[in-house]
1. Out of region 52-81, which residues are assigned to a loop (DSSP other than H, G, I, E, B) and open to solvent by 20 Å² or more (accessible area, probe 1.4 Å)?
2. Quick test for you: out of 515, 499, pick the one residue that is of a type in the set (Ser, Thr, Tyr), at pLDDT 90 or above and closer than 18 Å to residue 546 by Cα.
3. Look at residue 636 and say whether it is part of a helix (DSSP H, G or I) and open to solvent by less than 30 Å² (accessible area, probe 1.4 Å).
4. Under 6 Å by Cβ, and 6 or more places apart or on different chains, what pairs join a residue from region 475-497 that is touching a residue at least 24 places away in the same chain (Cβ under 8 Å) and surrounded by fewer than 16 Cβ atoms within 10 Å (Cβ to Cβ) with one that is aromatic (Phe, Trp, Tyr) and in a helix (DSSP H, G or I)?
5. Note down all Cβ pairs under 7 Å where the first residue falls in region 637-653 and is at pLDDT 90 or above, the second is among the polar types (S, T, N, Q) and surrounded by 15 or more Cβ atoms within 10 Å (Cβ to Cβ), and they're at least six residues apart or on different chains.
6. Every residue in region 313-328 that is touching a Phe, Trp or Tyr at 6+ places or on another chain (Cβ under 8 Å) and more than 26 Å from residue 574 (Cα to Cα), please.
7. Exactly one of these conditions fails for residue 336: (1) open to solvent by 10 Å² or more (accessible area, probe 1.4 Å); (2) under 21 Å from residue 82 (Cα atoms). Give me its number.
Amino acid sequence: MADTVSESGFASLSETRPLNRVGRLLITSIAWERVELTLTLSFPEPPTGQVDFIIYDLLRAFPVAAEPLGDGRYRIALNVTNFRDRKEIPNGSWRVMAVVDGRRGPIATYSLTRADELTVGSRSFVYNGNASCYVVSFGLSEDDHADVIMRTYQMNRRRSAGLSTGVSVSVPRPVTRIRRALNGLDRYTAGYSGRLLRNLDVRTGGRVTSATHSALHRVRNRGGVLPKAGRKRTGDARGAGARTAGSRPRILFASEMRPDISGNLLRIRDRMVERGLDSQFELRYHFRTISMETPEDTRKLVAEFTSADIVLIDDYFPLLNTIDPRPNTRVIQVWHAGSGFKSVGYSRFGRYGSPKLGGAHRKYTFAIAGSTHLVSVYSEVFGIPPEAVIPTGLPRIDTFLDPERADRLKQEFKSDYPQFAGKKVILFAPTFRGRGASSAFYDYSRLDFARLHEACGDEYVVLFRMHHFVPGAPPIPEEFSDRLVDFSHFPDTNDLLHSVDVLITDYSSIVYEFSLLDRPMLFFAYDKDLYSATRGFHRSYEETAPGRICTTMDELVDALKTGDFEEWKIERFRAENFDHIDMSSADRVIDQLILSDPRDTPEAQAARELDAKRCAEALRFAAEQMVEEFPGSPVAERATEQLSLMTGAEGGR
């Protein structure tokens, strides 16, 4: 019996179809926000029972959470890069099925008169230097059901060399190069290097990934040596990461972005020492920057990392792109920045410089956040599940809020800079523009130094502290240097904040600490629209910025002269970004993530068991659908076998 299209655009469903083909479920909208896909669904005749949803592709199925909107409408939100188990939605052709009171309900379709809109809802995320693409596309099944099909798949291409000469030269993929090297077939990595590659696999227990293999000959050509990493943790180990039998649990404090321990890591270490925990744990350290990297130093870092029980890091950690932590190693990311505005990590997946789908961020066992409100933000940024983001607060806030220390810093500032006595201090501290450290800049042409100098009058002095990525000093004309001062020499920005009366910034996370001082802020965002389009915001800038936004020099000068700072926004910002305003964040990190493991709680165990049960139910629904939809087919036979296995397993419990 052929389908007809009703006035509403629904396909008329045949009574001869499977039971769940008789009901109607319509996807009414498809929307995107960064990597989060939102599907709005509607039942023209709302069911009366409990409604849940699954997505399925033949004999693969997963439960998906849905938010009821009333009147038979539901919203499903899917993070396509962080779907389950820290991975993207798998390659496949997925349908959405409703489950009503534990029974299969209708499968989602789309208004046939609006079917062209499905193309608009599709997305392609290009990454990996334009060599890879993750695609999420929508269409209708090519049968009389008109099911909505969400196809997800990855595409990869080989890179080419010699493009500058116009000659395309095929370059083997990393896996191919590794195979050739291991078999002694590549003249660049045969012989000695081939033995190194085999040795590397043995020494790391297979934990070093293909990126390390493909880079090995480059390291060797620079005079490097093989990292002696990943050895056993007992007394037979040697080298920098050596462990002896019965040794204390080892904690590694590390960064590849800073030369010394500071910020959150410093506060956690100091608090552990204050509590005497340095006698319970062996505390180890490894800090470096790009300029400090050598093959020997990398060897030591790998050895330290793979022999540690707990690793604490505070920034992007490139080594995690080339090694996998041991299963029983806890990697805790205590991210250096508070809550900023700009998109980072997987929030900007598909934009320039975004991480790969299997990048370093995925390998954090836990990450900390300042508040429950920020858990979803950090989960998206790092590509880890929300339960792995623990809202302990930032440990460095403990030090920032210390009243005795704050008073001392203010007195030292007054003593060191008597020329500022009687003036209010404005700190100008924007973030950088550009793709990264190598291309960072700030567009000083947007600043009118003469007008800023005039606006200061006898009341203000402006201290310029540019982002450390921006090279050189700000071009302040000599005649304005009495009120406009380059302050890049000051050792610590957070220490300086205690002596600042007004902060001028843009998209920097410096607002995080400054909001605790309850002092006015201005946001000189001259390129707000461009920045949003190219870099991206993970939260609405207009709704989040805790102060007045100025997009022109006229507006900035007006705000300074009139004192119109929109300070009422600060309280809302604090409420969203701080669950705790106290001096105990380091203790919460130590107690919740070092001395205990959130995964071991009864609540966490119950959540895993419930999820496993829901996944099994979703698979059962998919298998039943295949048996009923395609009787006698090979997929139906496999589905019948799957159902028999599941029935047997349930009977054995």
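The values are calculated or read from the model by the stated rules, or taken from the named source; none is laboratory data. Since the model is a prediction, treat every value here as computed from it, not as a measurement. Positions of Cβ are generated from backbone atoms using ideal geometry, with glycine treated the same way; all protein chains shown enter the neighbour counts. We work out accessible area using only protein heavy atoms, side chains counted, and drop any ligands, DNA or RNA first. Shrake-Rupley method; radii C 1.70, N 1.55, O 1.52, S 1.80 Å.
1. Step one: list which residues in region 52-81 are assigned to a loop (DSSP other than H, G, I, E, B), which gives 58-59, 65-66, 71-72, 80-81.
58, 59, 65, 66, 71 - these are the residues of region 52-81 that are assigned to a loop (DSSP other than H, G, I, E, B) and open to solvent by 20 Å² or more (accessible area, probe 1.4 Å).
2. Residue meeting the stated conditions: 515.
3. Numbers: part of a helix (DSSP H, G or I): yes; open to solvent by less than 30 Å² (accessible area, probe 1.4 Å): yes.
Spelling it out, residue 636 is indeed part of a helix (DSSP H, G or I) and open to solvent by less than 30 Å² (accessible area, probe 1.4 Å).
4. 475/444; 477/449
5. none
6. Answer for region 313-328, where residues must be touching a Phe, Trp or Tyr at 6+ places or on another chain (Cβ under 8 Å) and more than 26 Å from residue 574 (Cα to Cα): 319, 323, 325.
7. So residue 336 meets the others, but not (2).
Listed here are the residues, each with its yes/no results for (1) outside any helix (DSSP H, G or I); (2) open to solvent by 80 Å² or more (accessible area, probe 1.4 Å); (3) within 23 Å of residue 551 (Cα to Cα).
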{"residue": "419", "(1), (2), (3)": "no, yes, no"}
{"residue": "426", "(1), (2), (3)": "yes, no, yes"}
{"residue": "435", "(1), (2), (3)": "yes, yes, yes"}
{"residue": "450", "(1), (2), (3)": "no, no, yes"}
